[in-house]
Structures are given as structure tokens and as C-alpha cells.
Amino acid sequence: MRTVARVLVAAALLAGCATAPSAPTPTPTPDPGLPGRLVADVTGDGAFRHLEELQRIADANGGTRALGTPGYDASVEYVAGVLRTAGYQVETPPFTVSEFTVQEQRLSVDGANVETLALGFSPSTPPGGLTAPLAVVAQDDTSGCEPADFAGMAAGSVVLVRRGTCTFAQKVTTAASAGAAAVLIANNAEGLPVGTTLGEDATGVVPAAGVSGTDGASLAARPGAQVNLVLATTTQRTESRNIIAQTTTGDPAEVVMAGAHLDSVPEGPGINDNGSGTAALLETAVRLGGAPPVANAVRFAFWGAEEIGLVGSSEYVESLAEPDRERIALYLNVDMVASPNAAYFAYDGDDSDGEGAGPGPAGSGGIERVLVEGLAAAGVTAEGTDFSGRSDYGPFIEVGIPSGGLFTGAEVLKTPEQAKLWGGSAGVAYDSCYHQACDRTDNIDRTALDRNTDALAAAVARFALSTEALRS
């Protein structure tokens, strides 16, 4: 059982760091051949070299690149240095974060111990814990997302919900509003839900902890069982950084933005999650160069504190004055693009799949089409995936910025139909090392990394020349 969990979340971005970079140099004539040339220039091998450096950094710093660790700071210095060498205007704006620590976490059901993991920023239980009967809500894809899920639950219960669709904070606050004393979240995979958080800004929450998918399935068959939950937690503040880099050419009033989170979870080096997105983005930025022949400025972002609630990206978006937000034409997100049992997903910007959270802001469907075309050109057929709120597109969508992105899957199991379409193993997670120490360079599907880097480069270059596809 893990006895100490550390989670970081931002509280305030320091003043003066959210402004756009200084005025660009005169823009060269946009080159219509840029998309084809950039796709030819980027390589999966080039992206993998960045992954090898991130692995080296993790190995030299206790096996992790989590926020608040020397491994994260070294990752920032590496990425920022590469971007400056490539000719970009680079800033590393700091933001204040909070460190969440768990001193004790114990769960027993009818006297038998069950492995558990406190959710980040969960409040403590009373000293000695709380004891209450177990209430079980529907264990489906939207478990605990709606008030109706808790109809008939006895006040003061410890309620079991299943991970999926909405945020952990939404599940816990909805349960609390219905009278729950505490919440257990069953993972939708075999292991514990590592790296999960309520977010520091969550209000109206009750003590919350996660259990494995196996234990969750067992508990779901035991409503009324006597639960004892003990959580002892504290929070303290520290500081971290994002990285923002912009071309010196292109119209700064029409910014094409692409981002990837740079932090890992504390449990491992985070080479797929999200070294892979970082590497694909960095390879694209280097090959594009800091002064490309584009019509629109291109801004690359590498986010801190994603793993504990999209904090770096949220702080960045919230810090922008409204005119600066309006200058961002679109946002492309790359988070996990080399999963070892890879899927090929583009976020469903127009909600054509009719699943989950609905469409993104107007123009998001155009982004999806461009990314799907890029993957097709790389030799693979893409599927849509829902804007579930689990990555850094979330803050951009919230303020109406058209968004999209690429994703090769995390803890969910690949279906037989997907295995037939893409290869790999049905009934196995897209990434069995998700949020674990084994998420290393040997966990990477280099073909998936190469294809997604090509698709990203094609989209960045295409939008850098024109954003007309947002309106088509």
C-alpha cells in the first residue's frame, strides 16, 4: 500500500507572464509548400531522440519528472534550450502550486482490508476515520455524473462510483450534494487509479479515494457492507513553470497554438504520458524553425501540472486578457501519441460520434478533419474520441477556442474491431504502463510516434498558412 502521495496544483500565475511575445519580425512570403516539406522533415526517430533525453533526465532524478521534482525542472531546461536554439522567443512563466501529501490512507470493508489511494486534494476523514454503510450507484460509463444517479441513497453513506466520462471532482461534489459522507471511485482498469485528483479549487467535496477495477467490481456486489475509511492529508505551496515559445514570423493576431504537458506522475518517468506528446511537438517545432514562411504566428506550449488537474494550461488561459484570448485561432493538443497497443484517435470536434460531452467550440470539427486527413496520409484510419476533459484542451474549450488533438489511448482496453483496424491486441489496454514506473522508452510504439508526429506537423503547417479549414 502506498503511504505517501504527492500531487501539485496551481493557485496563481505570477503577473506579467501571460502577455504575448514581443512584436514579430517582418513575415516572409507564406510558402504553400510548407505542409509537405515539414511532414517530410519531421521523423519519428527525431522525436524519439527527445524521448531518450527525457528518459535520461528521469533516470538521473529518482525515476520521475513529476512537478516539484528536479526531474521536472531539468525537463523544462532541456525543452526551453532546444526551442531557443531553434530560434523561438521562449518564456518559462512561473506559477505557484500546492503540494498535497497523504500521511495515512486505509480502507476496510466488513473488517477486510482493501487497497486504496486518496484522490489528490481529498479532505481528511475525522481522526480514526469514518464508518458507514456502502451505497452502490450504477457502474456504467457515466457513473456518478448526474444527481439522479444518487436517488434513494441513504444520507451518510460511503458511495461507490465508477471512473469515466466526467471529472472526479464532479462525481464527488454530486455525491456530496446527495448526502454522501465519502466517495470511493472504482478504476475502469485493473490497477489503482494513480494520479487522480479533485483539483485544489474543488468545493463541496467529501473525503474521496480510489480502488482498483477488480476491487470495485467486488464491492459493487456488496451494497450495505460496513466501510471504514481513514484519510489524513495536508497541503503546502511551492512553485513550477510552463514553457511558451512563439515564432518571430506570422500574424500575432491569428495565433496557431499547439501544446503538450511536460510533467509525469510521481510513480514513473512518463515517457508515453506525456513524453511522447512533448517529443512530437518539439520535433515539429525544431523542424518548423523560429522564423518560418507562414501567414499566422505559431505558439508552442509545454504545460506543467497537467497530471493533477490541467493546472498549468488552466492558469495560462485564465491569465490571458480577453484580447489575447481572441488572438488564439485554435489549439491543438498532443497527449500520449505512442501507446504500445496504439489506437489512432482524433478528438471528435463536431460530435459526429454522438458520445459524451458534445462538440467543441465552432471550428473544432474542422480541426478534427485536418488531423484525420493527416493520419490518413501517414497510412492509418482514425476514429473519433470524446472531449472528456482529461487533457489540456479543456481550458481552451471552456473559453470558446476551437480545439482538437491526437491520442493513442491510455488505460481502456482495445476492442476486437480496433485490433482488426490498427493491429495490436484486443482486450489489452492501449497502454498497460499508464501512470506506472514501466512507462519508459521501451514502452513506446515508434510507428505510432512517427505517424502522429507527421499528422501533427501537417496540421500545424496547414493552419499556419490559413485557418480557413475552421470555417469549412
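No value in this document is a laboratory result; all are computed from the given coordinates. Because the structure is a prediction, the values reported are computed rather than measured. A quick note on method: Cβ atoms are made from the backbone with ideal geometry, for glycine too, and the neighbour counts reach across all protein chains shown.
May I ask what percent, to the nearest 5, of DSSP beta bridges between residues of the stretch 324-472 are antiparallel?
Here the share of antiparallel DSSP bridges comes out near 30 percent.
Which of R37, R299 has the fewest other C-beta atoms within 10 Å, and how do the rest follow up to the most?
Fewest-to-most ranking of R37, R299: R37, R299.
Check A208: other-chain or 5+ apart residues with amide H under 5 Å from its amide H, H built from backbone geometry?
The answer is L119, V183.
When the helix-only estimate is applied to the chain (DSSP H runs of n ≥ 4, each -39,500 (n - 2.57), divided by the residue count), what is the mean residue ellipticity at 222 nm, nearest 500 deg cm²/dmol?
Only helices count here, giving -8500 deg cm²/dmol.
Any idea what the relative contact order of the chain is, in percent, if you count C-alpha pairs under 8 Å spaced at least 6 apart?
21
How far is helix 277-288 tilted off the main Cα axis of the chain, in degrees rounded to 10, range 0 to 90?
On a 0 to 90 degree scale, this one is about 10.
Test of understanding: express the Cα radius of gyration of the stretch 100-237 as a ratio to 2.2 N^0.38 Å, with N the residue count.
Taking N as the residue count of the stretch 100-237, the ratio is 0.92.
Going by how many other Cβ atoms sit within 10 Å of their own, how do C438, C145 line up, fewest first?
C438, C145
Search the structure for amide H atoms under 5 Å from the amide H of A429, placed 1.01 Å from N in the peptide plane, and list their residues when 5 or more places away or on another chain.
So A429 has HN proximity to K414.
Between E190 and T142, what is the spin-label point distance in nm, taking each point 7 Å from the Cα along the Cα→C-beta axis?
Modelled inter-label distance: 3.1 nm.
Of all beta bridges DSSP finds with both residues in the chain, what is the antiparallel percent, to the nearest 5?
That works out to approximately 55 percent antiparallel.
Restricting attention to the alpha-carbon atoms of the stretch 361-451, what are Rg (one decimal) and Dmax (integer), both in Å?
14.6, 39
Net charge near A297, counting Lys/Arg +1 and Asp/Glu -1 over other residues with Cβ under 13 Å of its Cβ?
It works out to a net charge of -1.
Relative contact order of the stretch 84-206, please, whole-number percent, based on alpha carbon pairs below 8 angstrom and at least 6 residues apart.
Answer for the stretch 84-206 is 24 percent.
Of M257, M153, how do they rank once you tally other Cβ atoms within 10 Å and put the fewest first?
The most exposed by this proxy come first: M153, M257.
Quick one: Debye curve from the C-alpha atoms of the chain, no solvent, what's log10 I(q)/I(0) at q = 0.10 Å⁻¹?
The calculated log intensity ratios at q = 0.10 Å⁻¹ are -0.70.
Of all DSSP beta bridges in the stretch 96-223, what percent run antiparallel (nearest 5)?
Around 25 percent antiparallel, to the nearest 5.
Wrap a convex hull around the Cα atoms of the stretch 29-132, take a quarter of its surface area, and give that in square nanometres.
With every direction weighted equally, the projected area is 12.5 nm².
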